[in-house]
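Notes follow the structure.
Throughout, read-outs are computed from the coordinates displayed, never taken from laboratory work. This one's a predicted model, so the numbers in the text were calculated from it and none came from an experiment. Every residue, glycine as well, gets a Cβ built from its backbone with ideal geometry; the counts of neighbours run over all protein chains shown.
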Amino acid sequence: MRIAVLADIHGNVLALEAVLADLERRGGADLTINLGDCVSGPLWPRETFERLEALDLPTVRGNHDRRVAVDPADDTMWASDRYAQERLTSAQREALFALPFMLEIIPGVVAFHARPDHDEKYLLDAIVDGQLVRAPLAAIQRRLKPLDPACRIVLCGHSHRPELIRIPGGPVLFNPGSVGAPAYDDDTPPAHVSEQGSPHARYGIVTLGGEGSDRFETIAVDYDHEAAARQAEQAGRPEWAHALRTGFMPKPAWQGSA
């Protein structure tokens with residue numbers, strides 16, 4: 001069985017279309033799973049929602065899918081969520097909120113957005129000197145405790161960082177990276193950035209061949225990221241434009257002077 005894994009599209013319909021075209025060139029997949037955070041961002045939230053709706057992919061709810069559904073928006077709503085919220089219908093927002101927190105794709109293969117018990121906490125990552133890095137193995141193992149011990153493959157997103165980790169005596173953990181947002185900053189203490197390091201759209205393919213012979217691929221696809229950057233600039237988000245062009249964040253204000 002061949003499973004395509006998409007995560008963190010964030011309203012970037014251009015990146016999504018490039019990923020879908022690349023997947024088709026590679027012979028497609030038996031199943032394509034979407035790990036959430038579908039529309040939040042200063043790009044094309046409604047167009048992305050409508051494209052995903054037509055695809056009808058098995059999809060889990062990300063933290064931004066939940067946040068976009070808040071109605072009415074208030075002062076605590078992040079700018080990217082507000083931008084998407086204002087451009088979606090109430091029915092579209094309700095559909096995002098109704099997405100499941102977790103899916104078992106087939107026995108032993110589960111998908112969720114961030115962690116098995118929380119949609120906004122990191123599973124595979126730690127924050128060191130303002131950057132996301134791989135978390136210590138013991139910390140990852142603690143975070144996996146809510147999972148069924150029979151689980152052998154975990155598909156997750158949220159951090160926008162591609163990762164592949166085999167837990168000794170436990171499951172393989174796979175994060176394909178972000179389709180549509182190659183970098184972000186988060187000023188929630190402790191403030192940090194996540195950077196994929198290039199503007200490519202990322203996704204993954206998992207080929208199930210039985211325990212011990214599964215294959216995991218992380219794929220980076222070029223697309224018209226300049227058009228996406230210009231869209232972010234028109235929406236008044238120059239930091240998003242920089243991230244879309246480079247895969248890095250401009251130096252956030254919270255980092256202070258060098």
Practice prompt. Would you mind getting me the FRET efficiency between H118 and R51? Use the beta-carbon distance for r and R0 = 41 Å, nearest 0.05.
Written response: 0.90
Worksheet entry | Under 17 Å from the S90 label point (7 Å along Cα→beta-carbon), backbone N, segment 45-79 | 68-74
Worksheet item: Tell me, in nm to one decimal, what length is gained between A21 and W78 on full extension, where the rule is 0.36 nm per residue of separation less the Cα-Cα distance?
Response: 17.4 nm
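Using a 10 Å cut-off around each Cβ, can you sort V128, V13 from fewest to most neighbouring Cβ atoms?
Numbers: V128 12, V13 23.
Final ranking by Cβ density, sparse to dense: V128, V13.
Where nothing but the Cβ of Lys and Arg (+1) and of Asp and Glu (-1) is charged, how large is the charge dipole of segment 108-258 around its Cα centre, in debye to the nearest 20?
On the way: 15 positive and 19 negative charges, 78 e Å.
Computed about the Cα centre, the dipole is about 380 debye.
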Worksheet item: At what distance in nm do the modelled label points of R215 and A191 sit from each other, each positioned 7 Å from its Cα along Cα→Cβ?
Response: 4.5
Discussion item. Within a 10 angstrom radius of the beta carbon, how do S159, S80, S178, S213 rank from fewest other beta carbons to most?
Written reply: S213, S159, S80, S178
Response to the item:
Among V70, L103, A126, the residue whose Cα sits farthest towards the positive end of the charge dipole of segment 2-251 (+1 at Cβ of Lys and Arg, -1 at Cβ of Asp and Glu, taken about the Cα centre) is A126
Worksheet item: Gap in Å between the Cα centre of segment 25-43 and the Cα centre of segment 215-239?
Response: 14
Discussion item. How big is the dipole moment of segment 2-251 about its Cα centre under a simple scheme where the beta carbon of each Lys and Arg is +1, that of each Asp and Glu is -1, and everything else is neutral? Debye, nearest 20, please.
Written reply: 600
Worksheet item: What list of ³J(HN,Hα) values in whole Hz, one per residue of segment 55-72 in order, does the Karplus curve 6.51 cos²θ - 1.76 cosθ + 1.60 (θ = phi - 60°) give from phi, with Gly and Pro shown as x?
Response: 6, 6, 7, x, 9, 9, 8, x, 4, 6, 4, 5, 5, 4, 6, 4, 8, x
Worksheet entry | Farthest positive-ward along segment 2-251 dipole, Cα basis, beta-carbon charges - from A241, V193, L52 | V193
Discussion item. What is the angle, in °, between the Cα long axis of helix 225-234 and the longest principal axis of the Cα atoms in the chain? Nearest 10 is fine, range 0 to 90.
Written reply: 40
Worksheet, complete the sentence: Inter-part gap, Cα centre of segment 73-146 to Cα centre of segment 152-168, in whole angstrom, is 13
